[in-house]
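Written out below as structure tokens is the structure these notes cover.
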Ligand SMILES: [Zn+2]
């Protein structure tokens, strides 16, 4: 339950380590393996979504949204767009596909890492 609360409904996209660090404060006997397998179970049950990237993170937000994953710092930004839901339904209907999970991910550089990169390239 504590692991559930540390992920579901959060917008922070915590990594396994972040969930472990948080829950361990209340349950010092907790092992990282327990956190790992519990999050894996939640993902299989569709309660959370795995977000791939430099570090594996979990998204506990309900609703269709895009995760923008920074390949450098691993930060995950959310974009909610009303058209996503319609797009998803249209694509599934066209293919007569029954959808059980939805995952939108864009990979690239976040604004912070882009600024850092352009400074390194002499402000280009
Ligand atoms: Zn970044």
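Bear in mind that the values in this text are calculations on the coordinates, not laboratory data. Owing to the predicted nature of the structure, the values given are computational and were not obtained by experimental measurement. Neighbour counts are summed over all protein chains in view; Cβ atoms, including those assigned to glycine, are modelled from backbone coordinates with ideal geometry.
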### Surface/4 of the Cα convex hull for the stretch 2-120, nm²
8.9 nm²
#### Entry: the chain - mean residue ellipticity at 222 nm from DSSP helices (-39,500 (n - 2.57) per run, n ≥ 4, rounded to 500)
-13000 deg cm²/dmol
### Query
Where both residues lie in the chain, what percent of DSSP beta bridges are antiparallel, nearest 5?
60 percent
### Task
Beta carbons within 10 angstrom, averaged per residue: use that to sort the peptides 93-99, 74-80, 53-59, highest first.
53-59, 74-80, 93-99
### Task
Please report Rg over Rh for the stretch 20-68, where both radii come from the alpha carbon positions and Rh follows the Kirkwood definition.
1.01
### Query
residue 97 versus residue 50, label points 7 Å from Cα toward the beta carbon: distance in nm?
1.9 nm
